[in-house]
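The next block holds one structure in the form of structure tokens; read it before the comments.
The values are calculated or read from the model by the stated rules, or taken from the named source; none is laboratory data. Note that this is a predicted model, so its numbers are computed, not measured. All Cβ positions, even for glycine, are placed from backbone atoms using ideal geometry, and neighbour counts span all protein chains on display.
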């Protein structure tokens, strides 16, 4: 096997105009169907973003469908509705307000591992490149145990452990993501991230916000440059970042103007500018042969976890 | 029959293979690894990604970047013709038109369709709901304010002298505050601030206020407003894809009560019924007029929260004035009510 080092080309090729059309079309159909179209709208949007992201000029594919997500939504609504109903009954009916509210929070906390697990399983198996699927091999029980542990630590440290929670979670997730027979790893150290947040915060305050652009760059670089893809043949791809504070400034300032002066309707252009910048700043380099990736991951059809996350606005990755 | 050039992925590896394929009668044929492969295009997923057409069969894919127009011609009847794709491909001005139309329709619906629908739904809601909401709110509210127990007692004695439709449901409370305000909860609890009592000069004004607030209770105005704004909020949330708000809006309900302003229609209703209440109790309707005048007095502006939720006080004073000049009223001074009023002011 030749170990030839190469650079891989990652790009976002969408445009503000195209995204605007996607949004408007989705919105029209959602309005006409009084909201029922939403799962299909979500699938359409995801398909758009995947199709407009290319690796070596070949697009990714999202093969999830509105129908799958619709089923997931029904289940998600039932689950959330039931939990909410029980808590409301406890609060209003049994008049045990504190118990009811605590129960609701406990429920939401407990839901997090389910959401993460379900979302990843569904989205990864529905993502592919050159026909090769991604996959998620994490175990729900493991994740629940981990989340409980990390949540406990976070509470005990008044939130400081939250940074470690995030990094640990990312490490766990990446360890379990597959792209065909390629594996992922996240090797960032939480203490470093904590430092970035901590020092960055003060610097932003002292420079009256000017440092923000460097801060964003530091956080972005932390995530990008600590990600690795590797396989059983000792081949790997590492990710370098070419993002500069200047570029961030240009894009963000431009986005603010665009969004404000169009009363929000210019958002698709703003979003596209951001995507283009961030994705093209990721420079993968390594010696994995893109012609030699094997199909290993299964199809997973249940979108419930994804849709619960959507309803509760949990964001994964 | 044209030979099209494409890149084939066999679904088990990411290796790209250049292939030549033909399309004939909805059949796509090509050679791979010395084998003839035939796909029935009716069982394939065909995606038009502008710069590339992707044809997928099970896990296998053929991507085409060249000769797209001709390929589209052969695939025309097979490509995804959903509404979504048809609208998506249209020109920008079509989308802009759609945008403006939707906003216009949403605005109209929100102003003219949702409120009456919501109001029609209210009779379906049992009165016990009103009581629960009101009680729940009062439980929290009463812990945050100072209730003047002496005045409250006197005020309730005052109430007992009046003719009410459902006296057992109405509970009056006096809260110590400079604010010139009074409001009614859905469970029949009426809170009156000492601020508004202080600007009153006679029992007729108090009767006018009580009549007005009781009318709000009798007509379930609080719940109607609540349902209207909730449905309005939910309507807009659904249509702006803000699904999480729907789950969140239910949590906001109870806190909205004190900030709800009644619609003009509801205030007019309350005024009319309030007037009936005054007459039923043989009181002097001039009290309503003087009360409104006081409320619209600019010197009371700063501390008059009631003015912000009752912006038409001047207009409504005028209405009463018209009524008064057109009607002779038989009213009698009720010594008990007068005595209790004086007691209330001086306690």
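Filter the range B:261-279 down to residues that are surrounded by fewer than 17 Cβ atoms within 10 Å (Cβ to Cβ) and not in a helix (DSSP H, G or I) and give me whichever is modelled with the highest pLDDT. Result: B:263. Applying the criterion of at least 2 residues that are surrounded by 22 or more Cβ atoms within 10 Å (Cβ to Cβ), touching a residue at least 60 places away in the same chain (Cβ under 8 Å) and out of contact with any strand residue (DSSP E or B) (no Cβ under 6 Å at 6 or more places or on another chain) to the helices (runs of 4 or more DSSP H) found wholly in the range B:179-243 leaves B:203-218, B:221-239.
Within 14 Å of chain A (Cβ to nearest Cβ) and loosely packed, with under 13 Cβ neighbours inside 10 Å: which single residue out of B:40, B:18, B:48 fits that description? Answer to the check: B:18.
Here is a yes/no grid of residues against (1) within 14 Å of another protein chain (Cβ to nearest Cβ); (2) closer than 30 Å to residue A:84 by Cβ; (3) within 21 Å of the chain's Cα centre (by Cα):
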site: A:210; (1), (2), (3): no, no, no
site: A:223; (1), (2), (3): no, no, yes
site: A:249; (1), (2), (3): no, no, no
site: A:254; (1), (2), (3): no, no, no
site: A:257; (1), (2), (3): no, no, no
site: A:291; (1), (2), (3): yes, no, no
site: A:304; (1), (2), (3): no, yes, yes
site: A:309; (1), (2), (3): yes, yes, yes
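Residues in the range A:116-155 that are closer than 17 Å to residue A:165 by Cα and not in a helix (DSSP H, G or I): A:138 only.
Of the residues examined, residue A:19 is not one that is in contact (Cβ under 8 Å) with a residue 12 or more places away in the chain, more than 7 Å from every other protein chain (Cβ to nearest Cβ), touching a strand residue (DSSP E or B) at 6+ places or on another chain (Cβ under 9 Å) and surrounded by 16 or more Cβ atoms within 10 Å (Cβ to Cβ). Of the strands (runs of 3 or more DSSP E) contained entirely in the range B:1-114, those carrying at least 3 residues that are at pLDDT 90 or above fall at B:4-9, B:17-24, B:27-32, B:35-40, B:53-57, B:60-64.
Among the conditions (1) modelled with pLDDT of 80 or more; (2) under 23 Å from residue B:273 (Cα atoms), the only one that residue B:346 does not satisfy is (2).
The residues of the range B:71-108 that are touching a helix residue (DSSP H, G or I) at 6+ places or on another chain (Cβ under 7 Å) and within 11 Å of another protein chain (Cβ to nearest Cβ), listed by number, are B:83, B:84, B:87, B:88, B:92, B:95, B:98, B:99, B:102, B:106. Residue count for the range A:26-39 satisfying the condition of being part of a helix (DSSP H, G or I), touching a helix residue (DSSP H, G or I) at 6+ places or on another chain (Cβ under 6 Å) and more than 7 Å from every other protein chain (Cβ to nearest Cβ): 2. Across the range B:153-164, the number of residues qualifying as farther than 11 Å from residue B:190 by Cβ and either free of Cβ contacts under 8 Å to residues at least 60 places away in the same chain or outside any helix (DSSP H, G or I) (or both) comes to 6.
Taken over the range A:63-115, the criterion of being modelled with pLDDT of 80 or more, outside any helix (DSSP H, G or I) and either away from every other protein chain (no Cβ under 11 Å) or surrounded by fewer than 13 Cβ atoms within 10 Å (Cβ to Cβ) (or both) is satisfied by A:64 alone.
From the list A:45, A:30, the lone residue that is without any contact (Cβ under 8 Å) to a residue 40 or more places away in the chain, surrounded by fewer than 18 Cβ atoms within 10 Å (Cβ to Cβ) and within 27 Å of residue B:50 (Cα to Cα) is A:45.
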